[in-house]
Amino acid sequence: MIDGCPRAISGSRFFMRQGVVSKYDNMYGSISSWSVVLCNDRWISTFFQRKLYKCIVFLYNEYEWLTVERENRMKIKYFVSVWIIGTLVLLAGSYGLESYLQTRSEEKVSAAIEEATLDLHVRDDVYIRFAGGFEFEEIGHDKEEKINATDETYTYHMTRETDEATRELTGKEYEDMGKLQVVLRTVDNGDQFVFTRFENEWDWGFEIPYYIVFKNQSEYELFAYKERVERKHDNVFGIDYTSNVKGVYTIGEDDYEMILSQNFVSYEQKWRYSNGKESVLREYVKENATGDVEIGAGELAFELTLNTNVKRQISESWFMLTNDQFFNTKEEMQSYKDYTNHHYVRSQKWLTPEGNYSKLPWAIEPYTQVGYGRNLVNQQGTYFVDQYPLTKDRFYYNMIVADTNYLIDMNPQQNDLWYTEYTSTWLKQNYGIVAPYTDTRHNENIAQFLVKAGDILNNAELKNKYTIYADFLTKQEAANNVFKTENGYYILDYFAPEQSAKTHASLNHILAEMNFLLESYALSKNEAYLNTALAINAAIQDTGREWINPKTGDFWYQLNPGNDGSYTFKDTDYPYLTLEDMLYSLELFKALQVEYDVQLYTDFVTSKVNFIKKNEIEITRTVVEDLQAQGFGALIDRYKHVVDVAS
């Protein structure tokens, strides 16, 4: 749909909206012949046309029912006649204005395309054309084999001819404008990601107009993904100002489909420490919702820009292209739209060749309230690897390939953990930890993603990546990064080679580590993995019911080690994440025949569920199903606050 119209048809910019015409035919007769509505992005004159049209309809109808004195009727009739004549003149003028705007638009596009100095072909009949009168000097052209994909990278130095005053002042005939990079990532199924990036090196801001051009095409449809989302302020992340992708464009008679992003503008920010380490992130500047569509002679062009305000800013966009369908059903396309708009903070919107940028917490260094970075959780698409086996949709496959390469590129050693690349000021102040550092839960999520991705991509090396994190966990006792109890130990949440104090152990991390080690043992039969998992379970049983806050019945969030073997509990647990982890622990205990304190875990689950019910906390249907599977269904029977999608 394009602005309410079924499809933009070649050769005409105006359409009769059948539903509207038939309605007004019945109501107002011949007036319906004026009901011609423009179906493109030039809405201004259309707006006035509709308003004027409604005025005419209103006056004709109201005139029939005027009950005034005879001597006043002639005056009113005269007034109505003058009003109608005037509105007809304005209506005609509005059509003239629209025709002028349309002609100017087509002239602008034609002129821009004619003056373009750089074309890059994506397919034989699809290319990117950069306009604006710049000179593009190619300074790099590289090809690199990736996992289930191939990257072709084009890098250009941009210059522009100086004006007469500048030449007299500086003696320069050309001035440096910046660096342009285009990466064509071709997936092994033939689909493509196209990433564009511009780094402004000029003293002022400017924009680079460019076009995605489809030859021999003249119509398209848009299934819009971007919609108004209530951007609530989060106590940790603040507000995420980025928007979803524009949507899925269908080009021609299903010849191509394209997913098109917004244009994201940012600064790269770095904070260097005396030990040589550094914290890296992006400071968000703005988002440009560009994407006008122009239909020319035998070409369909999407008009975009790479926009910057000042020097040093980075401007980035991306699109994905297929000559098939991204989604096999309209229902799945709608389902993913609903998912991304519901989880818009963690949905993947701002993609680059190096990674996905998402909103970061406020407690970061260098400080900014609009910090974005390559958060490790959001580099791996758990949703994609879970959905693809069910739907076999190309979009999910492409995103799995992209996310797999993000993670592998962020860990070039291939035998080490993944490190968070920006500093948390909370960790720095409490434990002296700065970037890069290890977050155990993030590495667990990455390992689980890569195992599933390896299975989908038929890559045995990826499927075995879990051993990196499992081996790391087995070595933490020797590294003294644990808190020991009478019969076992807790592995602490964070680790860096240089830190001033031991960190805490949170219950959700503890359970996730134990679960991961049990899963790893099931895959490998490595006794070291099982023994470490048993040590963690022993620690849970040592501290026992102390994990339950006696005032609320909820779990404590974390255990804080003391210097003399003592410990304290602190903070509020997640609404139901830890409960999910615990229910999965029970499933693994039973599957692997691991002995555990049945009564203790029963007390844990019962106390947490009662807390949820008492406070009417929203939980997902999956949690309910997990409770039922582990024999706790009666606890949650007839609970009303159950949803399909988590908030």
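The values are calculated or read from the model by the stated rules, or taken from the named source; none is laboratory data. Small disclaimer: the values here were computed from a predicted structure and weren't measured. Counting neighbours? That spans all protein chains shown, and the Cβs are built from the backbone with ideal geometry, glycine included. Areas reflect the complete protein model, heavy atoms only, side chains present, ligands, DNA and RNA absent. Shrake-Rupley method; radii C 1.70, N 1.55, O 1.52, S 1.80 Å.
Taking LYS640 as the anchor, which aspartates and glutamates have their alpha carbon closer than 19 Å to its alpha carbon, excluding any fewer than eight residues away along the same chain?
The qualifying aspartates and glutamates are GLU580, GLU616, GLU618, GLU625, ASP626.
Let me confirm the definition first: pairs of Lys residues in the range 398-484, 8 or more apart or on different chains, C-alpha distance under 21 Å. How many are there?
4
Can you list the trypsin sites (Lys or Arg not before Pro) in the range 465-531 that are in a DSSP coil and have 14 or fewer other beta carbons within 10 angstrom? Write out the running numbers ahead of the final one.
Working: sites: LYS465, LYS475, LYS484, LYS502, LYS525; in loops: LYS465, LYS475, LYS502, LYS525.
Sites meeting the loop and neighbour criteria: LYS475, LYS525.
Tell me which of ASN328, GLY252, ASN309 sits at the most positive position along the dipole axis of the range 219-328, charges placed on C-beta atoms (Lys, Arg +1; Asp, Glu -1).
Projecting each Cα onto the dipole axis, the largest value belongs to ASN309.
Just to confirm the filter: which chymotrypsin sites (Phe, Trp or Tyr not before Pro) across the range 248-339 are DSSP coil and have at most 14 other Cβ within 10 angstrom of their Cβ?
Within the range 248-339, the qualifying chymotrypsin sites (Phe, Trp or Tyr not before Pro) (loop, at most 14 other Cβ atoms within 10 Å) are TYR273.
Charges only on Cβ, +1 for Lys and Arg, -1 for Asp and Glu: so what's the dipole of the range 190-241 about the Cα centre, in debye to the nearest 20?
About 160 debye.
Roughly how far apart, in whole Å, are the Cα centres of the range 304-337 and the range 409-464?
26 Å
Quick check for you: with a 1.4 Å probe and neighbouring chains kept, what is the accessible area per residue of the range 371-419, in Å²?
Result: 32 Å² per residue.
What aspartates and glutamates does LYS614 reach when the alpha-carbon gap must be under 13 Å and sequence neighbours fewer than 8 apart in one chain are set aside?
List returned: ASP554.
In whole Hz and in residue order, list the ³J(HN,Hα) couplings for the range 215-222 that follow from phi through the Karplus curve 6.51 cos²θ - 1.76 cosθ + 1.60, θ = phi - 60°; x for Gly and Pro.
Taking θ as phi minus 60°, the curve returns 6, 6, 10, 8, 8, 7, 10, 10 Hz for the range 215-222.
With +1 on each Lys and Arg Cβ and -1 on each Asp and Glu Cβ, how big is the dipole of the range 547-647 about its Cα centre, in debye rounded to the nearest 20?
The dipole of the range 547-647 has a size of about 340 debye.
With labels modelled as points extended 7 Å from the Cα through the Cβ direction, what inter-label distance (nm, one decimal) is found for LYS143 paired with HIS157?
Between LYS143 and HIS157, the simple spin-label model gives 2.5 nm.
Can you count the Lys pairs in the range 257-377 with C-alpha separation below 24 Å, eight or more apart or on different chains?
Lysine pairs meeting the criterion: 14.
Taking a ≥ b ≥ c as the square roots of the eigenvalues of the Cα gyration tensor of the range 408-523, is the shape rounded (a/c under 1.5), prolate (a/b larger than b/c) or oblate? Each step should come with its number before you reach the end.
Values: a/c = 2.27, a/b = 1.37, b/c = 1.66.
Oblate, because a/c is 1.5 or more while a/b does not exceed b/c.
Would you mind calculating the relative contact order of the range 116-194 from Cα pairs under 8 angstrom and at least 6 residues apart, reporting the percent as a whole number?
The normalised contact order for the range 116-194 reaches 23 percent.
If the cut-off is a Cα-Cα distance under 13 Å, which aspartates and glutamates reach LYS146, setting aside same-chain residues fewer than 8 apart in sequence?
Those aspartates and glutamates meeting the cut-off are ASP188, GLU354, ASP403, ASP409.
Where the centroid of each part is defined by its Cα atoms, how far is the range 113-152 from the range 168-191 in Å?
The distance from the Cα centre of the range 113-152 to that of the range 168-191 comes to 9 Å.
Within 10 Å of each candidate Cβ there may be at most 11 other Cβ atoms; applying that plus a DSSP loop requirement, which GluC sites (Glu not before Pro) in the range 172-213 survive?
Values: sites: GLU173, GLU175, GLU199, GLU201, GLU207; in loops: GLU173, GLU201.
Here the sparse-neighbourhood loop sites are GLU173.
For the range 420-474, report the accessible area per residue in Å² (1.4 Å probe, heavy atoms, rounded to an integer).
Numbers: 1890 Å² over 55 residues.
In whole numbers, the range 420-474 has 34 Å² accessible per residue.
Between rounded, prolate and oblate, where does the range 490-608 land on the alpha carbon gyration tensor, with a ≥ b ≥ c its root eigenvalues, rounded for a/c under 1.5, else prolate if a/b exceeds b/c? Working shown, then result.
Working: a/c = 1.85, a/b = 1.13, b/c = 1.64.
Verdict is oblate for the range 490-608.
From the square roots a ≥ b ≥ c of the eigenvalues of the alpha-carbon gyration tensor of the range 120-165, which class results: rounded (a/c under 1.5), prolate (a/b over b/c), or oblate?
Oblate, because a/c is 1.5 or more while a/b does not exceed b/c.
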